[in-house]
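K.L.:
Provided herewith is a single structure, encoded as structure tokens, for subsequent inquiry.
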Amino acid sequence: MKRAKSAELFEEAKTLFPGGVNSPVRAFKSVSGPPLFIKKGNGCIITDEDDNDFIDFCCSWGPLILGHNNDRIRESITETIAHGTSFGTPTKLGNKIGRLIIENHRYLDKIRFVSSGTEAVMSAIRLARGYTGRDKVVKFEGCYHGHVDSLLVKAGSGLATFGVSTSAGIPKSLIEDTYVLGLNDLAGLEALLEEKSHEISCIIIEPIPANNGLLIQDNNFLAWVRQLCDRFDVLLIFDEVISGFRVGFEGAAGYYHIQPDIITFGKIIGGGMPVGAYGGNHEIMSHIAPDGDVYQAGTLSANPVAISAGIAAIEQLLEDGFYEKLEKKTNYFLDQIRTHISDHDLPVRIQSIGSIFWFAFAKDRIATSNEIDADSMQYFRAMHHELLQRGVYLGPSGYEVGFVSAAHDHKHLDIAAGHINEVLSQIF
Ligand SMILES: *Cc1c(COP(=O)(O)O)cnc(C)c1O
């Protein structure tokens, strides 16, 4: 397979952007070779600048639940853009997407649109702090919440002490506002709240942690977190930037039947355009400016072109049986690989929920980040390389999950499963 043009463009990009990219994981640092420069996508196929086709399971890291170049999304964007791109005023399209979401999502009364998942989380944290009048935040190891300063923190040593930042440039005072606990650590969470709840504004969690492997939690744990939040009067934020509209229209809240106080969105909500949002009940949301005193604003928030893509996506997600069909298709695909794995007793397992999947190079279920063996990433690196040669594209890191979209058909899923099985057998 020729990748000369991608290699050449990457050399140029390195002179223009730090590491040649505008978001770090795109740089292929944890796999081999230069990143692919993609020039187009259609359905489940992406095409690079060297004219190689790939069956895509990265799907722009999650937004493209309808696949690439979805007809209705494209038409909606072109129709809107013919009348201008941005007005900095309310628009009828804004009302339309707000109504579509709120009327079909039992866990939300009101929503505020922003332009990315990070912005949604950052704003939700501010709202929780403004609402409770407390500064501290609790997060869980292995959950990613965008590049929000106070959340770029991982556990330090010792129990429920302050964490350490995962990036330079994070003020020490902000690190000290964040408590980091292990997923599923019920006792640790209860002890922390007993001691410190008077300082804690909120607990934020990815209810379906999908940014550090796919660390599916037990319903019991999530229900217990909800109960603790009630008991100690602390807000619960579900960061559903990845799980929202993915495991069902109501995301993880609907999947687990748990009412969070604030939910954050991104990715799918914009139909492939830059959109984020956060929402909650009327009372909590009334604290946001101009109704309340928690300030949050955006020049391009609810941009009509971006929102028109979101509307076209959401209307398709609301069609009867959309999620059932997608999940069935995902299982059709994964079952072929799971059968191969068990027939040959390979040291791999596929963890999946809805249309999200993750290859864990381990025998037993992995549900916390410290159960992931960093050395096992060598197998992912080999797998990624071999699959690229065969025209199958996975996100370029073994900690990233894969997605099946509505545009993946049985034919391409069969081809991809065949290649994956062959590569797994070759590696082990
Ligand atoms: C992707 C993601 C974010 C960040 O969203 P961006 O749009 O990349 O800023 C935050 N939280 C979760 C759970 C995510 O998956």
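K.L.:
Given the conditions (1) open to solvent by 70 Å² or more (accessible area, probe 1.4 Å); (2) assigned to a helix (DSSP H, G or I); (3) within 16 Å of the ligand (Cβ to nearest atom), and given that residue 194 satisfies all but one, which numbered condition is not satisfied?
P.N.:
Every listed condition holds for residue 194 apart from (3).
K.L.:
Tell me which residues, restricted to region 124-145, are open to solvent by 10 Å² or more (accessible area, probe 1.4 Å), small (Gly, Ala, Ser) and out of contact with any His (no Cβ under 7 Å at 6 or more places or on another chain).
P.N.:
Hits for region 124-145 are 133, 142.
K.L.:
I would also like to ask the following. Being surrounded by 21 or more Cβ atoms within 10 Å (Cβ to Cβ) and in contact with a Phe, Trp or Tyr (Cβ under 7 Å, 6 or more places away or on another chain): is that true of residue 121 here?
P.N.:
no
K.L.:
Please enumerate the residues belonging to region 24-37 that are part of a loop (DSSP other than H, G, I, E, B) and either of a type in the set (Gly, Ala, Ser) or not assigned by TED's automatic domain parsing to the domain that holds residue 385 (or both).
P.N.:
Within region 24-37, 30, 32, 33 meet the criteria.
K.L.:
Further question: Check region 74-84 and report whether any residue there is under 30 Å from residue 253 (Cα atoms) and within 16 Å of the ligand (Cβ to nearest atom).
P.N.:
The answer is no, given that none of the residues of region 74-84 is under 30 Å from residue 253 (Cα atoms) and within 16 Å of the ligand (Cβ to nearest atom).
One line per residue, one yes/no per condition, for (1) part of a helix (DSSP H, G or I); (2) closer than 28 Å to residue 320 by Cβ:
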position	(1), (2)
367	no, no
396	no, no
412	yes, yes
418	yes, no
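K.L.:
Okay, next question. When region 302-327 is examined, which residues are found to be assigned to a helix (DSSP H, G or I) and among the acidic types (Asp, Glu)?
P.N.:
Matches in region 302-327: 315, 324, 327.
K.L.:
I'm trying to understand the selection: among the residues of region 253-301, which are part of a loop (DSSP other than H, G, I, E, B), acidic (Asp, Glu) and out of contact with any strand residue (DSSP E or B) (no Cβ under 6 Å at 6 or more places or on another chain)?
P.N.:
Matches in region 253-301: 291, 293.
K.L.:
Follow-up question, since we're still on this one. Is it the case that region 248-265 has a residue that's more than 30 Å from residue 114 (Cα to Cα) and buried (at least 18 other Cβ atoms within 10 Å of the Cβ)?
P.N.:
no
K.L.:
Exactly one of (1) over 25 Å from residue 278 (Cα atoms); (2) at pLDDT below 95; (3) of a type in the set (A, V, I, L, M) is unmet by residue 191. Its number?
P.N.:
(2)
K.L.:
Can you say whether residue 109 is farther than 29 Å from residue 182 by Cα, more than 16 Å from the ligand (Cβ to nearest atom), open to solvent by 40 Å² or more (accessible area, probe 1.4 Å) and not assigned by TED's automatic domain parsing to the domain that holds residue 400, as far as the supplied structure shows?
P.N.:
Yes: the conditions hold for residue 109.
The values are calculated or read from the model by the stated rules, or taken from the named source; none is laboratory data. Source: prediction; values computed, not measured. As a convention, Cβ positions derive from the backbone with ideal geometry for all residues, glycine included, and neighbour counts pool all protein chains shown. These area figures cover heavy atoms from the full protein model, side chains too; ligands, DNA and RNA do not enter into them. Shrake-Rupley method; radii C 1.70, N 1.55, O 1.52, S 1.80 Å.
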